[in-house]
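**Q** Questions regarding the structure given below will be posed in turn.
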Amino acid sequence: MAEAADFQGTSPSPARRWLRRTGALLAGAPLLAGVLQLPTSSSSYAAEPSAAAEATGSRTVGVSLDTLSPSVPSDGDTLTVSGRIVNNGKQAVTAAHVGLRVGPTLNGRSAIDDAAKSNPYAGSEVGGKYVAKFARLAPGVPQTFSISVPVDKLDLGSDGVYQLGVTLTGRTTAAAYDQILGIERTFLPWQPEAADTKARTTYLWPLISTSHMTAETGSNEQQTPVFADDETLAAELSPGGRLEQLLSRGEDLDITWVIDPDLLASVDAMTRSYRVQVDGSSGTTTAGTHQAVAKQWLSKLEKAVEGEEVVALPFADPDLASLAHHGTKVTGSLSHLKDATTAAAITVESVLHVTPSTEYAWPVSGAIDPSIVKVATSAGADTVLSRSDSLQETGALPYTPSAARPIGGGTTAVVADARLSTAFQGDMTVAGNSTLAVQRFLAQSLMLTRQAPDKQRSVVVAPQRMPTASQAQTMAQALTALQGGNWSESAELSAATKAKPDAGATTRVPSASAYPRSLTKQELSQEAFARIEETQRKLDSFQVILSDKSRVVTPFGRAMDRSMSTSWRGRADEATAYRDGVLSYLRSLTEGVGLIDKSEAKLSGRSATIPVTVQNNLVQGVDHLVLRLTSTQPSRLSIGDGDFQEQRVAVAGGHSQSVKFTTNAHANGRAGVIAQLYTEDGQAYGPAVTFDVKVTEITATVMLVIAGGVLLLVLAGFRMYTQRKREAARQAALGAGAPATDTESSAAENADAESADEAEGGRDRASTTESSAPDPEHPSDPSPDTAPEITDPSGTGERVDR
């Protein structure tokens, strides 16, 4: 990238520079041969004896620095350098000594990079008594050294960054003269007086871990959480662990805490009763035992953040780049980011009792493109934490600009300095690596300030998301030295965000083609987001039937947030297993509510009631279901008044309930019936149950009842007709003045008597027939022997009630 930071600060006077050059040439003449052999490779560390065959020249002896104190010396200080040397050659080294060499001030930030790699120099050695002597160095035998030199003996001139070399000079049998056989290079920041204008440095201190909790919870009222693994988290929280070191080192520094709320939720859950999956399998758990270490860490963190600035990432630190590049192709994926942001504030407030800022989005490594910015700000964040190796300067400015800059659409990019942010990556358990990293960090910070000493700028440092314990220790050492120095002052992230941007700073977001391929390879796939969305759809259909939705919405919502966490990068197989486990567990819960299978039912009458049983194996009740019973042959068997009938269902947790439907048979034979549960919005829930109903007969008794009724109607009609005819005849006779004869009267009376007898007989026969008929509500069926609803646990046996 174009280096806008290369700008030389105040230099020594010409006369002084001439004197120093002359002295250096005179002092370095005897060592010219050794200097000419300096390699162009990176600085050496103590190599293993197996490398002795290739160890020649200035790599013959490996030199490493364990300590350099003070990291930022001042007038009157004594600089102490200690370390280790080991002869990697095949021949013994004799008449050896370790000394310090101070080179001239470096010009610009790129000069520091070059010097750290391979820049040979001809700095003069601080000789005399300020050396560590060794009569003989046997091959492969490491030895230690320590040199203490008063700062005023180092001949440091004007303020700036000096190259400091630690060299081993000695002789071998092949070259019996003094030569440089080993060298290590580092840097010495020199700013004895306070700068007139100090840089305002913001250091982000991340408390982020991997996902540890599952979607599974206990069946008790407290919903005891279940961890996939608690040993890893407990180790990180224990003394000397990664998270313990970050907390212990950070509580004494002026920093901005950047916290993943998922970590807080996990540690908070660990402070109480919790369970742990056995061998990672759902359903089999054992009691967790790390409550004490969790309580201690959380209590300490609560005190550390009191009154400090806290930035909360969205819950579980979602992978914004993966979401932008793959997740947006799956409908509904962005809604998870919004939910994660809402959950973040709630979690931090409830656990730490502080109000965090949720306006920041932090893509992986600060790498951005237009799609990442769009997604990052879609959930309410208006500030994106980028890095200068992504939002690169064009070289228009002769200095590193302030971190904040507008990138359009009301969005601010806070650009962390790449050199400072990546200073502590690598293995910091090696003392030499740690010492070099600290000195290089301080050198870059001072050089950045001296680029424009009269212009105050805001500098942001965003280190790796999950520093190791040794990296945390090294970061703290460097930051302690910086905050004790004379060129920088601490500032919160919110202050850096609000700082006035430099007019010439780059504001153009790089294109998608500029996004690093190395980061693209680690992103979550589109298939991963499709799996997450499948889980969401199943959760949506499940929660609507529950009496207490929060028991599943909250744990599964947070589990889906964890499924898209940045921490899965580089662990694709583990990520897939986690997502599959969440979906599998949800399926097992949804299958806890369903219909019990039925065998064929026999119907020997015209109508009957058919029971269908709904079973609920959940710990909570379901009360928003509809059970529909449908006849596939309504011309033979109707349900209710048509081809189907629906009834609302409510079943207590751990119980089953039989729901009865009225059926009517119209013809003998077998009719198919389908039972299906539905949600209130008409969506099918669970698999349907199909069974047959066999109608064996429409009984003769039923036909007799029908025939008797018809006969009664006929006889009643006949009687009315004869009565009217007789009355008409009587009236006709009276009108003619001729009384009816005895014979006619007798015949009429006999006819009336016979009609009456026949009618009475018909009524008697009809009465006899009805008395043998069943309840008129369900002809041919006995009264039901069960209530319409049975809420007690029941078996799978079913029968048709007639």
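**Q** Need the full-extension length gain, residue 688 to residue 454, defined as separation in residues times 0.36 nm minus the C-alpha distance. One decimal, nm. Working shown, then result.
**A** Values: separation 234, 0.36 × 234 = 84.24 nm, distance 7.81 nm.
Difference between extended and current length: 76.4 nm.
**Q** Efficiency by 1/(1 + (r/R0)^6): what FRET value for residue 623 and residue 573, r their Cβ-Cβ distance, R0 = 51 Å, to the nearest 0.05? Let's see the in-between values first.
**A** Numbers: r = 41 Å, r/R0 = 0.80.
Once rounded, the FRET efficiency stands at 0.80.
**Q** Cα to Cα, under 17 Å, and not fewer than 8 places away if on the same chain: which lysines meet these conditions relative to residue 455?
**A** 198, 498, 500
**Q** Cross-link candidates for residue 329: which lysines have Cα within less than 26 Å, leaving aside residues fewer than 8 places away along the same chain?
**A** The qualifying lysines are 338, 374, 521, 538.
**Q** Let me ask another. Starting from the Cα of residue 730, step 7 Å along the direction of its Cβ; do the same at residue 346; then give the gap between the two resulting points in nm.
**A** Modelled inter-label distance: 9.1 nm.
**Q** Just grab the label-to-label distance for residue 353 and residue 587, each label 7 Å out from Cα along the Cβ direction, in nm (one decimal).
**A** 4.5
**Q** Work out, step by step, the length gained on full extension between residue 550 and residue 716: first 0.36 nm times the residue separation, then minus their alpha carbon distance; give nm to one decimal.
**A** On the way: separation 166, 0.36 × 166 = 59.76 nm, distance 6.93 nm.
Computed gain between residue 550 and residue 716 is 52.8 nm.
**Q** While we're looking at this one, here's another question. Which net charge results for the neighbourhood of residue 181, defined as the other residues with beta-carbon distances under 10 angstrom from its beta-carbon, given Lys and Arg at +1 and Asp and Glu at -1?
**A** Values: positive: 59, 171; negative: 178.
Every neighbour counted, the sum reads +1.
**Q** What is the sum of charges around residue 380, taking Lys and Arg as +1, Asp and Glu as -1, for the other residues whose C-beta is under 14 Å from the C-beta of residue 380?
**A** Numbers: positive: 338, 374; negative: 339, 359, 382.
With Lys, Arg at +1 and Asp, Glu at -1, the net is -1.
**Q** So which GluC sites (Glu not before Pro) in segment 286-361 end up in coil per DSSP with only 13 or fewer other C-beta atoms within 10 Å? Can you show the working numbers first?
**A** On the way: sites: 302, 306, 308, 309, 349, 359; in loops: 306, 308, 309, 359.
Passing sites in segment 286-361 are 306.
**Q** Using per-residue counts of other Cβ atoms within 10 Å, averaged over each peptide, order 175-181, 186-192 from highest down.
**A** On the way: 175-181: 18.7, 186-192: 22.7.
The packing order, highest mean first, is 186-192, 175-181.
**Q** A further question follows. Using the Cβ atoms and a cut-off under 13 Å, what net charge is assigned to the surroundings of residue 99, where Lys and Arg are +1 and Asp and Glu are -1? Spell out each step's value before the answer.
**A** Numbers: positive: 101, 129, 133, 153; negative: 125, 178, 184.
Result for the neighbourhood of residue 99: +1.
Where a number appears in this text, it was derived from the coordinates with a stated rule and is not lab data. Please read these numbers as outputs of a predicted model, since none were measured by experiment. Glycine gets a Cβ as well: all are built from the backbone with ideal geometry, and neighbour counts include every protein chain shown.
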